[in-house]
Amino acid sequence: MRRILHIDMDAFFAAVEEKRNPGLRGKPVVIGGTGDPSKRGVVSTANYEARKFGIHSALPLKTAHKLCPHAIFLPVDYEAYVAASAAFKSVLLTVATIMEDIGIDEAYLDISDHPDHHEVIVQKIKSGILEKTGLTCSIGIAPNKLLAKIASDMQKPDGLTVFTGNDIAEKLWPLAIRKLYGIGPKTEEHLKAMKIETIGQLAAVAAHDLIAQFGVSYGQYLYEAARGIDESPLVTHWEPKSMSRETTFQRDVRDWQIIARTIAALSKEVVSDMTQSGYAARTVTLKIRFDDFHTVTRACSLECATASLESIRKTAFACLKRVELNRRVRLIGVRASNLEKLD
């Protein structure tokens, strides 16, 4: 029988900060942006004490501060989190060789052929990560990736949940539909309008009805996912579809020189990312978000793939000529796509 393990580190960024500063433990800690809630930025991670106040990832820092003024706000220290991520994943690779790295704080392992019982495997992972990083994790084990990911979120922090084929009705179906991977706010709203609020209620809907509502691909996915069906393999190697950089101004700008310097700087960062990874791009896209949150994108294609800074920068400015700068600008982004691997 297939056994897939999903590991999710507990409040990862905040946990790394608490490890190097034990005085933070037991206090609400919010990680995001520059760590200044009076400035623009969003929450990257909040520890469990902060979550009690309704603070969650992607929430504006200013809103988080209103919800919990006495919280400790810290800037994102990405280098420290990457180092901790590498450390815990090195422990995983001592347990199984088939690993899908899906983010800085989570991964899948295929333990189907592992001779040990899952409790032994979990104990080895948890003790190894604790010894190497001082951090805790939550683990889900199931016959597929879909159920394993749902399971890892069911008993946080430092939890373990095991799904078997016989647990669908008892463990999966009572959950809110939003717990099903791939269902976002719009789909949730659509399903609730159909009087579907739990995964079990979704599982009771015929496939042809879901296909009629959501199209063949997504409708079929919802039909199978609600029944715990997922045959997707672990992906151990992937090629990026695009590389991008963007910045949000602390104050909305209208000065063309500032906008131009920002586009040039972002283009340089994107080219640096491409050259370090060994890619060239055929398409450049410029993203502009105005002070009213209206967002426009303009794309230009190149005759051949390039990693030339001059070409990428010139193409980004060619995109800018197609944008009417009639309002203050809040955010600028540059993306390189249609990537090709360099020899």
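The values are calculated or read from the model by the stated rules, or taken from the named source; none is laboratory data. What you are looking at is a predicted structure, and each value in this text was computed from that prediction instead of being measured. Using ideal geometry, Cβ is built from the backbone for each residue, glycine included, and neighbour counts are taken over all protein chains shown. All accessible areas refer to the heavy atoms of the entire protein, side chains included, with ligands and DNA or RNA removed. Shrake-Rupley method; radii C 1.70, N 1.55, O 1.52, S 1.80 Å.
Remarks
- Note on H294/S112: beta-carbon distance plugged into 1/(1 + (r/R0)^6) with R0 of 45 Å gives a FRET efficiency of 0.35.
- Net dipole in debye of the chain [+1 Lys, Arg Cβ; -1 Asp, Glu Cβ; about Cα centre; nearest 20]: 1460
- In the chain, helical runs assigned H by DSSP with n ≥ 4 each contribute -39500 (n - 2.57); averaged across all residues and rounded to the nearest 500, the mean residue ellipticity at 222 nm is -11000 deg cm²/dmol.
- Under the Karplus curve 6.51 cos²θ - 1.76 cosθ + 1.60, θ = phi - 60°, whole-Hz ³J(HN,Hα) for the stretch 305-320, x wherever Gly or Pro sits: 5, 8, 10, 6, 4, 4, 5, 5, 5, 4, 5, 4, 6, 5, 5, 4
- Karplus 3J(HN,Hα) series, Hz, for the stretch 114-125 with 6.51 cos²θ - 1.76 cosθ + 1.60 (x for Gly, Pro): 6, x, 7, 5, 4, 5, 5, 4, 4, 4, 5, 5
- Surface/4 estimate of mean projected area, convex hull on alpha-carbon atoms of the stretch 114-201, nm²: 6.8
- Net charge of neighbours whose Cβ lies under 14 Å from the Cβ of D36, counting Lys and Arg as +1 and Asp and Glu as -1: +4
- Length gained when the stretch S272-S38 is fully extended (0.36 nm per residue, less Cα-Cα span): 81.1 nm
- Enclosed volume per residue, in Å³, of the convex hull spanned by Cα atoms of the chain: 177
- Taking 0.36 nm per residue of separation and subtracting the Cα-Cα distance, full extension of the segment from R254 to M1 would add 85.1 nm.
- Coordinate range of the alpha-carbon atoms in the stretch 235-279 per principal axis, descending: 44, 19, 13 Å.
- In this structure, R327 and T283 have a Cβ-Cβ separation that, at R0 = 22 Å, corresponds to a calculated FRET efficiency of about 0.25.
- Annotation: per residue accessible area for the chain equals 52 Å², rounded to a whole number [probe 1.4 Å, protein chains only].
- Förster radius 35 Å - calculated FRET efficiency between R20 and T164, Cβ distance, rounded to 0.05: 0.35
- Equivalent-ellipsoid semi-axes of the stretch 44-179, from the Cα gyration tensor, Å, largest first: 29, 21, 12
- In a DSSP loop and with at most 12 other Cβ atoms within 10 Å, the trypsin sites (Lys or Arg not before Pro) in the stretch 290-338 are K321, R322.
- Equivalent ellipsoid semi-axes - Cα gyration tensor, the stretch 101-254, angstrom: 29, 26, 16
- Per-selection metrics, the stretch 212-343 (Cα): Rg and Dmax in Å: 18.6, 55
- Summarised as an ellipsoid, the stretch 43-100 has semi-axes of 31, 12, 9 Å, derived from the eigenvalues of the Cα gyration tensor scaled by 5 and square-rooted, with the largest first.
- Straightening the chain between L342 and D101 buys 84.4 nm, computed as 0.36 nm per residue apart minus the Cα-Cα spacing.
- Amide H to amide H distances under 5 Å link A307 with A281, where only residues 5 or more positions off or on other chains count and H is placed in the peptide plane.
- For the stretch 117-162, projected area of the alpha-carbon convex hull averaged over all directions, nm²: 3.0
- Note that the stretch 1-50 shows a convex hull volume over its alpha carbon atoms of 109 Å³ per residue.
- Directionally averaged projected area (convex hull, Cα atoms, the stretch 200-249), nm²: 6.7
- In this simple spin-label model, placing a label point 7 Å from the Cα along the Cα-to-Cβ direction at both S301 and K27 gives a separation of 5.5 nm.
- Split the chain at each of the GluC sites (Glu not before Pro) in a DSSP loop with at most 15 other beta carbon atoms within 10 Å, and the longest piece is 1-196.
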